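Engineer: Below is a structure I'd like to ask you about.
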Amino acid sequence: MRVLILGGTNQTGPFLVKRLHALGHQITVFHRGKHEAELPTGVNHLHGDMANPPLELRRLAPDVVVHMWALTPAHAAAFVNCFRGAAGRAVVISSCDVYRAYGRLQRLEPGPPDPVPLTEDAPLRESRYPYRGKTNARSDDMDTYDKILVEQAVRAHVDLPATILRFPAVYGPNDSHRFGPWLQQMDAGITELKLQDRFAQWRWTHGFVEDVAEAVVLAVTNPRAAGRNYNVGESETPTWAERIEELGRAAGWKGRVLRVAAAELPESQRNPADFSHQLLIGTSRIRAELGYTEVVPREEAWQRTIEWERRAP
């Protein structure tokens, strides 16, 4: 197949590209040039504006086009306008922050906890633009970021059948240093890590970067995925305290995790989220329909994450 990937050079993308190339597909990567990854010989590179992909890309006539970085409804509209009628299918990366549980976790909207695990049919957020005004936004587009609106824009056009993949918290090499601060404390010899009690018992589904990439591979290579939404993530989600303890064991740390009341922590370390709302994501649909399973053992995933964190600036 001819596969065009928008993005594909930062975190999940290189694993996706290498796997598809190894399967014998013809791959073109279109990206901003901000990150250059070491990709297999024979993969075509094109640079440009991912927010407004040029219509010249239509001439590639991809069997499948993958958008790794559609953050806003404007991104999604430009993507659909470029490829509808030119590409056979689309795979678009979304996020599990579309669920109502995320809006309630962040106190963006009121209500009781939703039942978990959150399936693909769980209620979506009623609030919009969940990162608007955040001072630590990872992109200039975060004021208009909303994956619900991205999904709606993509789904509005039947002439570009699309698979929506709702990603979990992705960790591993080139992540946003999700576990860096914890690992730094462990490596510094701190023997007691204090966690806010409600946070310690909270569950948030994660996925190792190469495992998550494998979900995209399956969506690209399986035509039955067209028109479907899939959650992606680990099969078992530990509490946050259990996850940090896992990290500690993998790092050779001999300390312990303490669960304490928020009042016992410095104000700067207190998290105001409502941790009664679990982000425990159900992934049975993609496992049953596409045969998804993790390709990296959990212990190896931790070791590769730790090795990268210790090398990274």
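Engineer: Tell me, what is the Rg over Rh of the range 1-148, with Rh the Kirkwood radius over Cα pairs? Show your work: numbers first, answer last.
Structural biologist: Working: Rg = 17.2 Å, Rh = 16.8 Å.
Rg/Rh: 1.02.
Engineer: Counting DSSP beta bridges with both partners in the chain, what percentage is antiparallel, nearest 5? Provide the component values of the computation, followed by the final result.
Structural biologist: Working: 2 of 38 bridges.
Just about 5 percent of them are antiparallel.
Engineer: If you don't mind, there's one more thing I want to ask. What are the equivalent ellipsoid semi-axes of the range 255-301, built from the alpha-carbon gyration tensor (square roots of five times its eigenvalues), in whole angstrom, biggest first?
Structural biologist: Values: eigenvalues 244, 60, 13 Å².
Rounded to whole Å, the semi-axes are 35, 17, 8.
Engineer: Now for a different question. Kindly write out, for the range 224-229 in residue order, the coupling ³J(HN,Hα) from the Karplus curve 6.51 cos²θ - 1.76 cosθ + 1.60 (θ = phi - 60°), rounded to whole Hz, with x marking Gly and Pro.
Structural biologist: 5, 6, 4, x, 10, 9
Engineer: Which order do peptides 171-179, 299-307 fall in by mean Cβ count within 10 Å, highest first? Don't skip to the end; give the middle numbers.
Structural biologist: Values: 171-179: 18.7, 299-307: 16.9.
Top to bottom by mean Cβ count within 10 Å: 171-179, 299-307.
Engineer: Also: Counting only other residues whose beta carbon sits under 12 Å from that of ASN271, what net charge do I get with K and R as +1, D and E as -1? Don't jump to the answer; show the numbers that get you there.
Structural biologist: Values: positive: ARG107, ARG198, ARG270; negative: ASP197, GLU267, ASP274.
After counting each charged neighbour, the total is 0.
Engineer: Across the chain, how many lysine pairs, 8 or more apart or on two chains, come within less than 25 Å at their alpha-carbon atoms?
Structural biologist: Details: LYS18/LYS34; LYS34/LYS134; LYS34/LYS147; LYS134/LYS147; LYS194/LYS254.
Here the count comes out as 5.
Engineer: When only C-alpha pairs under 8 Å and at least 6 residues apart count, what is the relative contact order of the range 9-88, in percent? Write out the running numbers ahead of the final one.
Structural biologist: Numbers: 84 pairs, mean separation 21.2, N = 80.
Relative contact order here is 26 percent.
Engineer: Also, quick follow-up: Can you give the Rg/Rh ratio of the chain, where Rg is from the C-alpha atoms and Rh is the Kirkwood radius? Spell out each step's value before the answer.
Structural biologist: Numbers: Rg = 19.8 Å, Rh = 20.5 Å.
Rg divided by Rh gives 0.97.
Engineer: Can you grab the distance from the C-alpha centre of the range 143-169 to the C-alpha centre of the range 242-295, Å, no decimals?
Structural biologist: 27
Engineer: Report the net charge of residues surrounding ARG104, where surrounding means a beta-carbon distance below 15 angstrom and charges are Lys +1, Arg +1, Asp -1, Glu -1. All intermediate terms of the calculation are to be shown ahead of the outcome.
Structural biologist: On the way: positive: ARG100, ARG107, ARG125, ARG128, ARG198, ARG203; negative: ASP97, GLU109, ASP114, GLU126, ASP274.
Neighbourhood net charge equals +1.
Engineer: Whose amide H sits under 5 Å from the amide H of LEU124, counting only residues 5 or more places off or on another chain, with H placed in the peptide plane?
Structural biologist: ARG100
Engineer: What nm distance separates the two modelled labels at TYR129 and ASP143, each placed 7 Å from Cα along Cα→Cβ?
Structural biologist: The modelled label-to-label distance comes out at 0.8 nm.
Engineer: What is the distance, in nm, between label points placed 7 Å from the Cα along the Cα-to-Cβ direction at GLN184 and at VAL158?
Structural biologist: Label at GLN184, label at VAL158, 5.3 nm between them.
Engineer: Please compute the Kirkwood hydrodynamic radius of the range 80-133 from all pairs of different C-alpha atoms, in Å with one decimal. Please report the intermediate quantities before stating the final value.
Structural biologist: On the way: mean 1/r = 0.0756 Å⁻¹.
Result for the range 80-133, one decimal place: 13.2 Å.
Engineer: To continue, here is another question. If you consider only alpha-carbon coordinates, what radius of gyration and Dmax does the range 147-281 have, in Å?
Structural biologist: 18.5, 57
Throughout, read-outs are computed from the coordinates displayed, never taken from laboratory work. Computed from a predicted structure; not experimentally measured. Neighbour counts are summed over all protein chains in view; Cβ atoms, including those assigned to glycine, are modelled from backbone coordinates with ideal geometry.
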